[in-house]
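The values are calculated or read from the model by the stated rules, or taken from the named source; none is laboratory data. The structure displayed is predicted, hence computed values, not measured ones. Heads up, the Cβs are rebuilt from the backbone with ideal geometry, glycines too, and the neighbour counts pull from every protein chain shown. The accessibility values were calculated without ligands, DNA or RNA, using every heavy atom of the protein model including side chains. Shrake-Rupley method; radii C 1.70, N 1.55, O 1.52, S 1.80 Å.
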Amino acid sequence: MTDALLQNAATPVLAIEGLRKSFGALVATDNVSLEVGPGELHALIGPNGAGKSTLITQICGEIRPNAGRILFEGRDVTALRAPARARLGLGRTFQITQLCPDFTAIENVLLSIEARHGGSFDMLSNPRRNAAHLELARNWLDQVGLAAQGDRTVAQLAHGERRQLEIAVALARQPKLLLLDEPMAGMGAEESMSLTRLLQSLKRRYAILLVEHDMDAVFALADRISVLVYGRVVFTGTVEEVREHPEVRAAYLGEDRPC
Ligand SMILES: Nc1ncnc2c1ncn2[C@@H]1O[C@H](COP(=O)(O)OP(=O)(O)OP(=O)(O)O)[C@@H](O)[C@H]1O
């Protein structure tokens with residue numbers, strides 16, 4: 001292997017170094033460092049208010065850290081705004097859905113494809129391009145298991161289907177890193193299992209940073225888990241290591257909780 005290839009193989013998709021964000025006296029993320037390697041699913045867990053969303057919003061560029069660096073494929077993106085980071089391949093889904101409720105599922109995916117190509121959402125302007133984009137949009141819906149729901153509006157979709165659609169919308173921008181902020185929130189057991197299967201199918205094809213409270217999903221999916229408590233990463237390790245770690249059990253899982 002050449003030096004360049006070796007270096008590429010070792011470069012994490014995402015590397016956060018010493019990230020700090022405070023809101024007045026409250027330090028929401030405190031000297032946080034973590035990495036997501038190519039094809040890795042890295043889960044971030046922690047109690048309510050630990051700073052998980054604050055970390056995600058710093059990574060995607062919606063808020064600026066007070067200190068620290070964010071490297072994306074080895075490039076320092078700390079000073080870039082959110083749209084520039086999205087163009088580089090940082091894709092995110094939100095805790096609260098950001099879909100256009102009156103648009104159909106396929107129109108939401110088309111919007112995302114058009115945005116990636118820097119175009120406007122004008123179905124009449126270029127029929128050939130639009131036919132190609134329609135085909136792409138169908139493909140993304142198919143990938144997330146929504147092939148049959150393309151013509152339904154977001155408002156007509158079940159909660160779990162909206163989450164699947166959010167992932168299709170993120171994938172349509174062809175991200176290199178997926179930031180998933182509590183995708184299982186508000187789901188029943190059946191929907192969570194179905195989304196877990198979907199994320200399992202995306203694993204390895206994308207680097208994924210998953211913020212999630214559903215520990216069954218986290219334990220089923222994660223290659224590595226970082227545990228955030230009061231803004232600090234108290235431990236990073238494999239599923240087995242996290243299950244066994246006494247401080248993690250005490251701080252997050254609870255000593256009594258069977259893992
Ligand atoms: N814009 C803000 N202004 C002031 N305080 C904030 C702001 N955003 C977050 N915080 C505070 O920062 C801390 C971390 O919040 P954050 O939402 O990042 O935690 P979280 O781990 O994502 O929690 P949850 O699991 O409940 O979503 C909390 O104490 C929160 O109240």
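Worth pointing out:
- The simple Förster model, with R0 at 35 Å and r as the Cβ-Cβ distance, assigns Ala147 and Leu88 a FRET efficiency of 0.75.
- The charge dipole of the chain, taken about its Cα centre with unit charges on the Cβ of Lys, Arg, Asp and Glu (plus for the first two, minus for the last two), comes to roughly 800 debye.
- Accessible area (Å², per residue) of the chain, counting only protein heavy atoms and a probe of 1.4 Å: 48 Å²
- Rounded to 5, percent antiparallel among DSSP beta bridges of the chain: 55 percent
- Difference of contour (0.36 nm per residue) and Cα-Cα distance, Tyr230 to Arg20: 74.4 nm
- Here the chain has 51 percent of its accessible surface on carbon and sulfur atoms, given a 1.4 Å probe and all protein chains in place.
- Highest-MSF residue in the chain out of Leu134, Leu177, Leu90 [GNM, Cα springs under 10 Å]: Leu134
- Debye-formula intensities of the chain, expressed as log10 I(q)/I(0) at q = 0.08, 0.15 Å⁻¹, are -0.33, -1.11 (one equal scatterer per alpha-carbon, no solvent).
- Kyte-Doolittle at least 0.0, axis length at least 27 Å by Cα - qualifying DSSP helices, the chain: none
- Label point of Asn31 set 7 angstrom out along Cα-Cβ; within segment 232-252, amide nitrogens under 16 Å from it belong to 232-236.
- Taken about its Cα centre, segment 131-177 carries a charge dipole of about 180 debye when Lys and Arg each add +1 at the Cβ and Asp and Glu each add -1 at the Cβ.
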